[in-house]
Amino acid sequence: MSLLKLDQIDVGFGNQVIVDDVSFSLDAGDIGCLLGPSGCGKTTLLRAIAGFEPVLRGSIELGQRLVSSPAQLVPPEKRGIGMVFQDFALFPHLTVAENISFGIRQQTSSEQRKRVNQLLEHVGLEGYGPRYPHQLSGGQQQRIALARALAPRPRLLLLDEPFSSLDAELRESLATEVRALLKKEEITALLVTHDQQEAFAMADKAGVMYHGRMLQWDTPYGLYHRPAHHLVADFIGHGVLLRGAVTHDQRVQTPLGLLHGDHVPNNSEGEAVDVLVRPDDIVIDDDSERRAKIVAKGFRGAHYLYTVALEDGSQLLCMAPSHHQYELGHEVGLKLNLDHLVLFPAGYCDT
Amino acid sequence: MAPETSSSYRFHQSLRQRALSRLRAWSVPAVAVLICLPLLVIVAGFFIGLFSPEQRDTLAHLGRYVISEYVRHTIILMVGVGLLVAILGVTTAWLTTACNFPGVRWLRWALLLPLAMPAYITAYTYSGMLSFEGPVQLVVRSLTGLQFGEYYFPEIRSLAGAIFILSFVLFPYVYLITRAAFIEQSRAAIEAGRTLGLGPWQSFFRVGLPMARPAIATGVTLALMETLADYGTVHFFGVTTFTTGIFRTWYGMGDPIGALQLASILLSAVVVLMLVERISRRQSKYHHAGRSQQPARPLQLSRSKAWLAFSWCFVPVLVGFLLPALQLLFWSADQLHVWLDPSFWNLVKNSLVLATVAAIITVIVALWLCYGKRRTPTKLIRSSVGFASLGYAIPGVVIAVGVMLPLAWLDHRIINVSEALFGINPGLLLSGTIFALLFAYLVRFLSISVQTVDSGLAQIRTAMDESGRILGLTSRQILSRIHFPLLRTSLITAGILVFVDVLKELPATLILRPFNFNTLAVRAYEMAGDERLAEAGPAALMIVIAGLIPVILLSKAMSARQQAMHEPVMAAPKAEEIYEPVKA
C-alpha cells in the first residue's frame, strides 16, 4: 500500500517551474531516493512533500489523505513528517537530549527520557545527552539530527542530502547504518542525493530527476540495467552509447558485430539506434575474435578501467582485475556479455 | 659581481631586516601601552586616592552625598534603555527579516537612520518640540483652549526623557546585530522546528529568538556602553550620572583626583559590560546552525497585519530620525544669519580639519598594528592589539580625564626644563594644544579602524602573498600591487568612520579642546545650554548630515549581503557540464 503518492505535481517560484509534472508513489516501509545533478529540482520536490513549498498543479497524498494541491496546503507541522536537513540544523542553544525531545515535548518527561535514551542507543551515542551540538563531530551531529527527526515516530522521514557534508569513508558506513536503523524502526523514508552509491546503499526505489522532470522511478537495479532514458544511463554508472542499425531480423548491427536481444522494436528495420554498453558487459578475452586497442586506462584499485578503440574508431569502456595489466596500444580481444540490449533512438539528445 | 648578489650586501640586508622585524615586534606592544596610558592613569588614580587619607575623606564625602545618586540614576537609565532597545531592536529586526509587507525594503535601511543622530542633538530637538512654546503644546492648547498649568504635560527633561531619547537613538545597534543573526540562521533551523510540530509563531519564540540570544546580548551591551558614555543628553536633561559627576567634580570642585576616582568606578561598570559582550560574541560563534545556504522565505502578511507591522517599524524611524531631522531643518531654515556668519564657517573648518587629521592618524596606527599582528602573530602582539582597541567601550569623559592629567604633568616638566635651560616658557605644549585632543580621539576610535583594517587584511590570504613572491614580486611590490589595491576600500571606510565619530564626539572635545577652539559639536552644546536651541540648529544639522555617511555605508553592506544570499541558485546547468562526456 502506498504511503506517499505524488500525482503530476508542478512546483515553481513565480514563472519558473522547478518541478515539472512529477508522479511517483512510495510504499509503507520502503526507502525511496531522489537522484539527480544539483539544480534538478530534487530538493524542491522534497520540500514540497514536507509542505514548505506549495504545488502549482497536481496533488500529494500522504497515507490516503490529500496534503498538497493548488487549493489546499496542510502546514508542515500538521503532516507528521520528519526531516533531516542537509546542514543538520540542530538547535545550537539546546543540548543533544533537548534537541531529540524537541518534537515530543507534549509527552511526560519520563516518556521523553525513555525515548531519548532509546534513540541515543540506536544511533550509538549513549551518554551524549547533556552535550551541546558544537561539541560533536560531523558524523555525530548527523546521527543526532536523525534521532531528533525519528523521535516523534513520523509516518514519513525526509532526508535532504543527509551525508553530503561528511567525508567519503564515513558516508558509506553511515548510509548502511541508517538503512538498518530505518528498517528497524519501520520508517518509510525518502532521501535526496546526487551520489548514486549512497542511493544504491539505501534505497528500495529510486528516481532520477533532470531539469525538474522525473525520468524514471524504479528499483536501483532497474535504473542501472534497464534505463528508460539515455540521461539515466548517463547518470547511473559508466557506459558508452554505440551507434548501430536495426536489421531485418530484429537484431542490431554495431561495430561490435551483430547483437540480439528482446527489446529491439518491431518494424524498425534500418533505423539507427544507440546501444548502451556498460563496462561490465564486456570481458577482456584474448582468444576472442573481436579485436580492440587499449587507448587509455585508469587505476580503480581492485580493477583497471580501460578505454578501448574498435577498428572503426568507436570507443568502449571495460574493466579488468588490476593484476591483469595491459599497456597502452596493446591489442586485446573482447568477449561480450550483453544479456539484454538497452536501445535508445539514435542521436536522442533532448529530454 | 652585481651588488645584489655579493655576500656582504646580503649580510647587511639580513641585519637590516632583522632590526626591522625587531622594531615591529616591539613597536606594537609599545603603541598599546601608550594608548592604554589614560586607562592606566585612571586605575592608578583610584589607588592613589585610596592610600591618601585626604582623598579618602573626599571619596567618603562623595560616596555619602553624590555617588549613591549617580549609581541609582545610572542603574535606572541602563535598565530602562536596555529593555527598550531590546524590544525595539528585536521586534523590528524580526519583522523586517521574516515578514514581507509593503515598505519593508525601505524600512530595512531606514531603521538604521537614528544612528546618524547623536543622542544629545535628538535631545535638543525634543526639548524644543515639547517645550511650552513648542509645536506640540501649542497644538494641545489651541485644541483644548487650556492655559499653561491647566493641563498635565510630561516633562522631557527628566530621567524618563533620557531613557526615551537614548533608546530611540541606540536601538539600531540591537536591530543591526540581531537582524544579521536572523539572516544567518539558516531557514533549516526554523523549518526543522516546523517539521517537529511548531507553528510559524511558535518556531520564532522557541527557535529563532533563543538562537539569536547572543546577538541580542551583544547589541544591548553596545547600546548600554553608549548609554554609560553619554554626557550631552543627561547633562542637558539635568540627570546626574557618572559622566556629569566627573565634569562637576573636575570643573565645579576643581578636584582632579576625585574625578579620577569617579572615572574609575564608571570604568569598572564598563569592564563588566565588556566581559558580557565578549562572552556573548564567543557564544554566537556556536550559534551558527551549520552553513546557512538559504534564508527562510519571508511570511506574506495579510493587509491588516501588514499595516500593523509597517507602523510598528515606522514609529522608531519617525521618533528616532524623521521628527528630529525635520525640527533641525526647520531651525536651520529659520536661522539664516548663522549660515552667513563667517565664524560659523570657521567652526566647520575647525571640525573638518580636526576630524580629517584624527582619521589619518588613527588609520595609520591601525595599519601598523594590524600588519604587526599579521607578520608576527605572537600572543604578546595579539593581546597588545586587543588592549589598544579597548577604547571603544570607554566613555569619552573617562578618556579625557586620563589624557589630561599625565599630559599636564609632562607639560609642567617641559616648562621647568625649558626655563632652566633656555629661559623660555613654551606654554602647555601637549595638554594646551590640539595634541591632547588628537591623542584622546586615537584612544577612543582606534578600535573602529583596527576592526575595519583587520577584516580587510583577513581577506588577503597569505597564499596571495606567497603566490606574489613566487611570481617574482619583492615584499614592497606585494604591498603596492596586491595589498594596497585590496585594502583601499577598507582604509577609506575606516577613515570615514573615524571622521564622522570625531565630528559627533562631545565630552572629550569639551574637556580637551584648546582655549577658544570650537567645533560644531561644542557650538551646538553651548547654544543648547544657553537655551538658544534654534541657533544650535545649523551646527547640529551639519553633524547629522555627516552622520548619514556611515549609515549609507552600513546599509549598502547590509543589502549586498542580503543580495548574495538571495542570488538564485536555480539557473539550470547545461547537461555537458554535469555529466562526464560519454565517448561514443
Check your understanding: Which of the residues that make up the range B:327-340 are over 15 Å from B:Pro118 (Cα atoms) and assigned to a helix (DSSP H, G or I)?
Key -> B:Leu329, B:Phe330, B:Trp331, B:Ser332, B:Ala333, B:Asp334, B:Leu336, B:His337, B:Val338, B:Trp339, B:Leu340
**Study point:** Top-ranked residue in the range B:171-205 [being within 8 Å of chain A (Cβ to nearest Cβ) and hydrophobic (A, V, I, L, M, F, W, C); ranked as nearest to A:Gln86 (Cα to Cα)]
**Key:** B:Ala188
Study note, to complete from the structure: The residue that is farthest from the other protein chains (Cβ to nearest Cβ), considering only those in the range A:44-58 that are farther than 15 Å from B:Arg194 by Cα and buried (at least 18 other Cβ atoms within 10 Å of the Cβ), is A:Gly58
Revision key, fill the gap. When (1) over 24 Å from the mean Cα position of the chain (by Cα); (2) surrounded by fewer than 24 Cβ atoms within 10 Å (Cβ to Cβ) are applied to B:Gln185, the one that fails is (2)
Revision key, fill the gap. Cβ pairs under 8 Å, 6+ apart or interchain, first in the range B:207-235 and away from every other protein chain (no Cβ under 14 Å), second part of a helix (DSSP H, G or I) and basic (Lys, Arg), ordered by first then second residue, are B:Thr218/B:Arg281
**Study point:** Pick from the range A:63-77, criterion in contact (Cβ under 8 Å) with a residue 12 or more places away in the chain and surrounded by fewer than 20 Cβ atoms within 10 Å (Cβ to Cβ), ranking: farthest from the other protein chains (Cβ to nearest Cβ)
**Key:** A:Ser69
Exercise for review: Could you grab me the full set of residues in the range B:160-219 that are closer than 25 Å to A:Ala50 by Cα and small (Gly, Ala, Ser)?
Suggested key: B:Ser186, B:Ala188, B:Ala189, B:Ala192, B:Gly193, B:Gly197, B:Gly199, B:Ser203, B:Gly208
Review point. Among the residues of the range A:28-49, is any out of contact with any strand residue (DSSP E or B) (no Cβ under 9 Å at 6 or more places or on another chain) and closer than 21 Å to B:Ala192 by Cα?
Key: no
Point to revise | Count of the range B:409-433 residues which are farther than 23 Å from B:Pro256 by Cβ and surrounded by 15 or more Cβ atoms within 10 Å (Cβ to Cβ) | key: 1
Point to revise | Residues satisfying the stated conditions in the range A:200-210, i.e. crowded, with 19+ Cβ neighbours inside 10 Å, farther than 14 Å from A:Leu26 by Cβ and not hydroxyl-bearing (Ser, Thr, Tyr) | key: A:Ala201, A:Val208, A:Met209
Study note, to complete from the structure: By residue number, the members of the range B:517-564 that are β-branched (Val, Ile, Thr), over 19 Å from B:Phe330 (Cα atoms), touching a residue at least 24 places away in the same chain (Cβ under 8 Å) and in a helix (DSSP H, G or I) are B:Ile549, B:Val551
Practice item. Within the range B:335-365, track down each residue that is closer than 19 Å to B:Phe435 by Cβ and small (Gly, Ala, Ser). Key: B:Ser351, B:Ala355, B:Ala358, B:Ala359
Check your understanding: Only one residue in A:Ala292, A:Ala296, A:Ala320 is surrounded by fewer than 16 Cβ atoms within 10 Å (Cβ to Cβ) and part of a strand (DSSP E or B), so which one is that?
Key -> A:Ala296
Exercise for review: Can you tell me which residue among A:Val192, A:Val246 is assigned by TED's automatic domain parsing to the domain that holds A:Tyr306, over 23 Å from A:Leu317 (Cβ atoms), surrounded by 17 or more Cβ atoms within 10 Å (Cβ to Cβ) and out of contact with any Phe, Trp or Tyr (no Cβ under 9 Å at 6 or more places or on another chain)?
Suggested key: A:Val246
Practice item. Evaluate the following for A:Leu328: is it within 12 Å of another protein chain (Cβ to nearest Cβ), at pLDDT 85 or above and either assigned to a loop (DSSP other than H, G, I, E, B) or surrounded by 18 or more Cβ atoms within 10 Å (Cβ to Cβ) (or both)? Key: no
Study note, to complete from the structure: Taking the range A:119-135 and keeping residues surrounded by fewer than 21 Cβ atoms within 10 Å (Cβ to Cβ) and within 14 Å of chain B (Cβ to nearest Cβ) leaves A:Arg131, A:Tyr132, A:His134, A:Gln135
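Every residue, every condition in (1) surrounded by 22 or more Cβ atoms within 10 Å (Cβ to Cβ); (2) more than 9 Å from every other protein chain (Cβ to nearest Cβ), yes or no:
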position	(1), (2)
A:Ile81	yes, no
A:Phe85	yes, no
A:Ala89	yes, no
A:Ser101	yes, yes
A:Thr108	no, yes
A:Glu111	no, yes
A:Lys114	no, yes
A:Asn117	no, yes
Practice item. Looking only at the range B:253-261, decide whether some residue is within 14 Å of chain A (Cβ to nearest Cβ), surrounded by fewer than 24 Cβ atoms within 10 Å (Cβ to Cβ) and touching a helix residue (DSSP H, G or I) at 6+ places or on another chain (Cβ under 9 Å). Key: no
Revision key, fill the gap. When the range B:188-203 is checked residue by residue, the ones that are crowded, with 19+ Cβ neighbours inside 10 Å and in contact (Cβ under 8 Å) with a residue 12 or more places away in the chain are B:Ala188, B:Ala189, B:Ile190, B:Glu191, B:Ala192, B:Gly193, B:Ser203
Review point. Restricting the range A:280-289 to residues that are buried (at least 19 other Cβ atoms within 10 Å of the Cβ) and either under 29 Å from the mean Cα position of the chain (by Cα) or among the acidic types (Asp, Glu) (or both), which is nearest to A:Leu343 (Cα to Cα)?
Key: A:Asp281
Check your understanding: Across the range A:89-103, what is the number of residues that are over 31 Å from the mean Cα position of the chain (by Cα), part of a loop (DSSP other than H, G, I, E, B) and of a type in the set (A, V, I, L, M, F, W, C)?
Key -> 1
Review point. Do the conditions hold for B:Gly391, that is, is it within 32 Å of the chain's Cα centre (by Cα) and at pLDDT 85 or above?
Key: no
**Study point:** Test result for A:His225, surrounded by fewer than 20 Cβ atoms within 10 Å (Cβ to Cβ) and farther than 13 Å from A:Leu338 by Cα
**Key:** no
Study note, to complete from the structure: Among the residues of the range A:136-159, the number that are more than 10 Å from every other protein chain (Cβ to nearest Cβ), farther than 21 Å from A:Leu170 by Cα and in a loop (DSSP other than H, G, I, E, B) is 2
Exercise for review: Go through (1) surrounded by fewer than 22 Cβ atoms within 10 Å (Cβ to Cβ); (2) under 27 Å from the mean Cα position of the chain (by Cα); (3) part of a loop (DSSP other than H, G, I, E, B); (4) away from every other protein chain (no Cβ under 12 Å) one by one and return the number of the condition A:Gly270 breaks.
Suggested key: (2)
Check your understanding: Any residue at all in the range A:195-209 that is in contact (Cβ under 8 Å) with a residue 60 or more places away in the chain, of a type outside the set (A, V, I, L, M, F, W, C) and in a strand (DSSP E or B)?
Key -> yes
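The values are calculated or read from the model by the stated rules, or taken from the named source; none is laboratory data. Remember, it's a predicted structure, so these values are computed and weren't measured experimentally. In this analysis, Cβ positions are derived from the backbone assuming ideal geometry, glycine residues included, and neighbour counts consider all displayed protein chains.
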